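To start, the structure itself, in structure tokens.
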Amino acid sequence: MNPLVKKAAAALAIKELFDRFQESRRPQQSFVARNKSKALWAGLLGGVGYLYKNGKLGPLADKAKGLMGRPSPQPEPAAYPSGPTLETSGPVDPADVDRPLEPSHN
């Protein structure tokens, strides 16, 4: 092998060792600094998943739409009322219209 090639290879090897040494001496970011954005995204996705699982994401989205000026969709009225009803057996007397609804104990 040519002595000039040997000297060039030795110089290249020494330069590579020097570069590796300099690289190892450079300060590294801490584990927390390297992974804080990943942890932030994981926490955000976990929080959204938790709200979705517990059924609280829909009302929260409606509230956010209301804050942005968009009206939230109003639920449609039920076809049949789900609360207590008053059964009548004929026309209602106008004198009893303002009377509170109480069961009659005749």
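The values are calculated or read from the model by the stated rules, or taken from the named source; none is laboratory data. Predicted model only: the values in this text are computed from it and were never measured. As a convention, Cβ positions derive from the backbone with ideal geometry for all residues, glycine included, and neighbour counts pool all protein chains shown.
Contact annotation: no residue pair with Cβ atoms under 6 Å, 6 or more positions apart or on different chains, pairs a residue in the range 47-66 that is part of a helix (DSSP H, G or I) with a partner that is of a type in the set (K, R) and modelled with pLDDT of 85 or more. Within the range 21-40, the set of residues being outside any loop (DSSP other than H, G, I, E, B) and loosely packed, with under 10 Cβ neighbours inside 10 Å comprises F21, Q22, E23, S24, R25, F31, V32, A33, S37, K38.
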